[in-house]
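These notes concern the structure reproduced below.
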Amino acid sequence: MDLLLKAGTVYPITGAPFKGDILIRNGKIQQVAENIHAENVEVIDATGKYIFPGFVDAHSH
């Protein structure tokens, strides 16, 4: 399933936070930008939410 997270506060790995979108295709982040338009995706309204793309939980046992 492909997802488009819309209008959240994006905290990128580098740089300042911004209001933007994240496009996820085939389980991988495809694009991070201020205003993404994509077809054939489930759109999730992230207004008022924080989005942290690319965080990896390196803690394991």
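Laboratory data are not the source of any read-out in this text; all were calculated from the coordinates shown. This structure is a prediction, so every number in the text was calculated from the model and none was measured. All Cβ positions, glycine included, derive from the backbone under ideal geometry; neighbour counts span all protein chains shown.
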Report summary line: Spelling it out for residue 10: with amide H atoms placed in the peptide plane at 1.01 Å from N, the residues 5 or more places away or on another chain with amide H under 5 Å from its amide H are 18, 19, 20, 51
Query raised in the report: Using 0.36 nm per residue, how much length does the chain from residue 47 to residue 28 gain when fully extended, once their Cα-Cα distance is taken away?
Result: 4.7 nm
Report task. Using label points projected 7 Å from each Cα along Cα→Cβ, tell me how many nm separate residue 18 and residue 39, to one decimal. Result -> 2.6 nm
Query raised in the report: Given charges of +1 on the Cβ of Lys and Arg and -1 on the Cβ of Asp and Glu, with all other atoms neutral, how large is the dipole of the chain about its Cα centre, in debye to the nearest 20?
Result: 120 debye
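Would you work out the Kirkwood radius for region 3-51? I mean one over the mean of 1/r across all pairs of different Cα atoms, in Å.
Details: mean 1/r = 0.0933 Å⁻¹.
Over region 3-51, the inverse of the mean reciprocal pair distance is 10.7 Å.
Which whole-number percent is the relative contact order of region 3-51 (Cα, under 8 Å, 6+ apart)?
Details: 97 pairs, mean separation 23.6, N = 49.
Answer for region 3-51 is 48 percent.
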Report task. Could you tell me what percent of the DSSP beta bridges with both partners in the chain are antiparallel, to the nearest 5? Result -> 65 percent
Report summary line: Straight-line reach check, residue 28, cutoff 18 Å on alpha carbons, 8 or more apart in-chain or any other chain, hits among lysines -> 6
